[in-house]
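The values are calculated or read from the model by the stated rules, or taken from the named source; none is laboratory data. Keep in mind it's a predicted model, so treat the numbers as computed, not measured. Here the Cβ positions follow ideal geometry from the backbone for every residue, glycine too, while neighbour counts run over all protein chains shown. These accessible areas exclude ligands, DNA and RNA; they are computed on the full protein's heavy atoms, side chains included. Shrake-Rupley method; radii C 1.70, N 1.55, O 1.52, S 1.80 Å.
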Amino acid sequence: MITSPLKPYPWKADRDGYYGEFGGSYTPEVLHSTLTQLRGAFDEARNDPSFWKLYTDTLATYSCRPTPLTYCANLTRHFGGAKIYLKREDLNQTGAHKANNVMGQGLLVRRMGKTRVIAETGAGQHGVATATMAARFGLRCTIYMGADDVARQYPNVFWMRQLGAEVIPVTEGTRTLKDAMNSCMRDWAETMTDTHYVVGTTCGPHPFPEMVTYFQSIIGSELRQQFLDVEDRLPDRLYACVGGGSNASGMFSAFLEDESVELVGVEAGGQGIGSGRHASRLAGGAGTTGVAQGYKTVFLQDDEGLMKDTYSVAAGLDYTGVGPMFADLYTRGRVRFESATDQEVLEALQLTIRTEGVIPALESAHAFVVAFREAASLSSEKSVVINQSGRGDKDIFIIAEALDDQGWRDYICRQARKYGE
Ligand SMILES: *Cc1c(COP(=O)(O)O)cnc(C)c1O
């Protein structure tokens, strides 16, 4: 039970949108006036106390907020070290923390009087979240998705269309996320008077990293209060997976000033950092500083600044850039970065499902891997909290295949035969 009023924990950039040397806004001239307008609207909203109240009320009545803090007695016993807790972002509307960001931006869109939203999506999770918000708020919605991703992630495409969104398959380039991003920017440049671009994570030009963090800070704000209520102290370590960085930014923001709380970000180790098939920009040191996609951060890129192909079993972590605040905090040593391989992720997932009866998303399971790796070496007086950013139901196709489940293979074959005849 949360006893005191929740407050946002803004993780502010400087006036030009920088966190140390990272962040900023590197965009074509045509977008400058829209981004300036958005910064103004966001500033005005966050200075209005009724806006944060409207935001928390909206999520409380639509998206299961506050999400619970779950103590894992069985996992704690299994590892025999620190107490293990989960922050349950999987219980949000559409099954992940993405709901916080899209609902927040939706409220801002209404405030600005715009009537249409656009977004780009890779695996489709952000697309579904955006389409859900648009349906709820009565906004027109267009989602750009690489043509190959449309084919691979059809269940999400189905739901986006059912929710009333127009899904546009992008056939240029590699037919994946980066091409969808370009198409989305092009749309925005032509439609900004009535359209808002719902960026899905703490990346892109200022003010998006700061704005997404602001909305996601509800996670850390609740967690801080919930943990104090239960343990009467602060947790010792927090673990969150880092794709673009939004769930981690939200969890960590409330604890940035508490030096006793160690913050650990976990990136996708894929088939191992040495294999080159991964998406770890900070852990392992493979990333380098560059400017792309409207902002400056650490990217996985070659010597010419061309983005490298990234890989992870978890689609939500499979991205070349990282939130600029994390590039900064990594440089300053405030957040430690680790990585988890696909294989480790599957093992942590199976253990968690069996011992606690919760099914984390593949993305979230990366944070579980590193927490499990470290929990045993901490004393039983210590406590760690893992952000369970999403639920794993969406991953059934990938997990069942990776575990080579015969019953699943038979089921898929029966379905295929049914449609083949
Ligand atoms: C999208 C997603 C992520 C990665 O995004 P961040 O912006 O890094 O939080 C992590 N977990 C889940 C469940 C997701 O859907």
Note to self: Using each residue's phi in segment 148-159, evaluate 6.51 cos²θ - 1.76 cosθ + 1.60 at θ = phi - 60° and report the 3J(HN,Hα) Karplus result to the nearest Hz, with x for Gly and Pro.
What the structure shows: 5, 5, 4, 5, 6, 10, 4, x, 5, 5, 4, 5
Checklist line | Among the listed pairs 12/98; 7/178; 53/87; 7/87; 114/308, those beyond 26 Å (Cα-Cα) | finding: 7/178; 114/308
Check: Taking the inverse of the average 1/r across all pairs of different Cα atoms in segment 287-421, what Kirkwood radius in Å do you get?
Finding: 17.6 Å
Check: Between segment 312-341 and segment 1-79, how many Å separate their Cα centres?
Finding: 19 Å
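Can you give the helix-only mean residue ellipticity at 222 nm for the chain, where every DSSP H stretch with n ≥ 4 adds -39500 (n - 2.57) and the sum goes over all residues, rounded to the nearest 500 deg cm²/dmol?
Working: 15 runs with 184 residues, N = 421.
The helix contribution divided over the chain gives -13500 deg cm²/dmol.
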Item checked: Extended-chain gain in nm, criterion 0.36 nm per residue less alpha-carbon gap, residue 162 and residue 275 -> 36.7 nm
Margin query: Can you find, among 379, 32, 323, the residue sitting farthest towards the positive end of the charge dipole of the chain, where Lys and Arg contribute +1 and Asp and Glu -1 at Cβ?
Written below: 32
Margin query: As a test, work out the antiparallel percent of DSSP beta bridges whose residues both lie in segment 233-346, rounded to the nearest 5.
Written below: 35 percent
Check: Given the alpha-carbon gyration tensor of segment 1-98, what are the semi-axes of its equivalent ellipsoid in whole angstrom, ordered largest first, with each equal to the square root of 5 times an eigenvalue?
Finding: 35, 20, 14
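Compute the Rg to Rh ratio over the chain from the alpha carbon atoms, using the Kirkwood formula for Rh, and round to two decimal places.
Ratio value, two decimals: 0.95.
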Item checked: Alpha-carbon centroid distance for the pair segment 377-415 / segment 85-126, whole angstrom -> 23 Å
Margin query: Are there any GluC sites (Glu not before Pro) in segment 243-328 that are in a DSSP loop and have at most 10 other Cβ atoms within 10 Å? List them by number.
Written below: 257, 259, 304
Next item on the list: Find the relative contact order for the chain and round it to a whole percent, using C-alpha pairs within less than 8 Å whose residues are 6+ positions apart.
Entry: 21 percent
Item checked: Residue-span extension gain [residue 376 to residue 64] - 0.36 nm each, minus C-alpha spacing -> 109.1 nm
Margin query: Over all directions, how big on average is the projection of the convex hull of the alpha-carbon atoms in segment 136-234, in square nanometres?
Written below: 9.1 nm²
Check: Where is the GNM fluctuation largest for the chain (alpha-carbon springs, 10 angstrom cutoff): 286, 340, 119?
Finding: 286
Item checked: residue 64 - accessible surface, heavy atoms, 1.4 Å probe, Å² rounded to 10 -> 60 Å²
Margin query: List the GluC sites (Glu not before Pro) within segment 13-45 that DSSP assigns to loop and that have no more than 15 neighbouring Cβ atoms inside 10 Å.
Written below: 21
Notebook entry, point to check: Please state the relative contact order of segment 275-348 as a whole percent: Cα pairs under 8 Å, 6+ residues apart?
Noted result: 30 percent
Item checked: Table column - 3J(HN,Hα) (Hz), segment 371-381, Karplus curve with 6.51, -1.76, 1.60, x for Gly and Pro -> 4, 5, 4, 9, 4, 5, 8, 9, 6, 6, 7
Notebook entry, point to check: Rounded, prolate or oblate: which one fits segment 63-112, using the alpha carbon gyration tensor with axes a ≥ b ≥ c (rounded when a/c is under 1.5, else prolate when a/b beats b/c, else oblate)?
Noted result: prolate
